[in-house]
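Written out below as C-alpha cells is the structure these notes cover.
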Amino acid sequence: MSNKFRYRLQLRSEKWECCEVEFTDTPLHIAEEQGCIRFAMEMINLKPAYARKLNQQGLSHIHLAVEKRHKEMVLRLLEIDNDVVRVKGKNGETPLHYIHEDL
C-alpha cells in the first residue's frame, strides 16, 4: 500500500471521527455562535451529521441559535430539519426549554 493511499484512508477516517465523539465544537457550532448564517447553512449541506452534534457545553447548534436569539438562523435550521428541536442537550433539555426560559 502506497503512502499516498494510506494518507487518504487516514484522512477519510479522521473526517468521520468527529461524528463519533460525543462532545466537540464543530465548525457549525462556531458559525452559529458568531451568527454566520450562510456559512452555517453550507456546513449543514456538506455535513448533515453536524446538525445533531453537541458541543463541549452539551449544546447543539439550534440550542446556541435560540440562546443567542438568532431568529433567522433558527428558522433556517428548522426549514432544513424540523426535528432538530427534539435534540436533547445538557440535562436533557431541548431548545424549547431555552425558549420557555425567555418567556
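Every number here is computed from the coordinates shown, using simple stated rules; none is lab data. If you're wondering where the values come from, they're calculated on a predicted model, not measured in any experiment. In this analysis, Cβ positions are derived from the backbone assuming ideal geometry, glycine residues included, and neighbour counts consider all displayed protein chains.
Taking only pairs that are 8 or more places apart or on different chains, how many Lys pairs in the range 21-102 have Cα atoms under 21 angstrom apart?
Lysine pair count for the range 21-102: 8.
How do 91-97, 53-59 rank on mean C-beta neighbours within 10 Å, highest first? Can you show the working numbers first?
Details: 91-97: 14.3, 53-59: 18.0.
Peptide ranking by packing, descending: 53-59, 91-97.
Work through the residues other than MET41 whose Cβ is under 11 Å from its Cβ and net out their charges, Lys, Arg +1 and Asp, Glu -1.
Taking every other residue near MET41 into account, the sum is -2.
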